């Protein structure tokens with residue numbers, strides 16, 4: 001089981017949704033993660049400053065550690 005699937009199942013169970021909603025939740029989470037990753041990748045490739053990267057990533061719910069070059 002992937003971490004994405006596990007998180008989708010937790011959300012499904014917490015919201016008490018039927019099993020047929022699991023794929024919808026999983027697809028939405030995957031699309032959001034891919035979109036966010038693509039934004040971060042472009043900024044890193046352009047060698048933007050950590051402050052600029054944080055400015056664009058924080059609205060997506062992620063923080064950026066410029067020293068370790070990690071998103072959290």
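Only the coordinates and a few stated rules stand behind these numbers; no lab work does. Quantities reported herein were computed from a predicted structural model and do not represent experimental measurements. Glycine gets a Cβ as well: all are built from the backbone with ideal geometry, and neighbour counts include every protein chain shown.
Over the chain, what is the relative contact order in whole percent, taking alpha-carbon pairs under 8 Å and six or more residues apart?
18 percent.
Note the listed values (1) 53; (2) 59; (3) 65, then indicate which one is percent of Cα pairs over 15 Å apart calculated from this particular structure.
The calculated read-out lines up with (2).
Comparing 15, 43, 62, which has the greatest mean-square fluctuation in the GNM of the chain with Cα pairs linked when under 10 Å apart?
Result for the chain, Cα springs under 10 Å: 15 fluctuates most.
So what is the calculated 222 nm ellipticity per residue for the chain, using -39500 (n - 2.57) for each DSSP H run with n of 4 or more, over all residues, to the nearest 500 deg cm²/dmol?
Using -39500 (n - 2.57) per qualifying helix, the result is -20000 deg cm²/dmol.
Would you mind ranking 54, 47, 30 by Cβ crowding within 10 Å, fewest neighbours first?
Fewest-to-most Cβ neighbours within 10 Å comes out as 47, 30, 54.
Quick check: the angle from helix 3-14's long axis to the longest principal axis of the chain, C-alpha only, nearest 10 degrees?
50 degrees
Top mean-square fluctuation among 20, 35, 51, Gaussian network model of the chain, C-alpha springs under 10 Å?
Evaluated over the chain, the most mobile residue of the options is 20.
For residue 24 and residue 52, calculate 0.36 nm times their separation in residues minus their Cα-Cα distance, and state this gained length in nm to one decimal.
6.8 nm
How far is helix 22-45 tilted, in degrees, relative to the longest principal axis of the Cα atoms in the chain, given as a value from 0 to 90 rounded to the nearest 10?
10 degrees
List 9, 57, 23 from most exposed to least, where exposure is judged by having the fewest other Cβ atoms within 10 Å.
Ordered from fewest to most neighbouring Cβ atoms within 10 Å, 9, 57, 23 come out as 23, 9, 57.
Roughly how many Å is it from the Cα centre of segment 14-42 to that of segment 56-72, as a whole number?
19 Å
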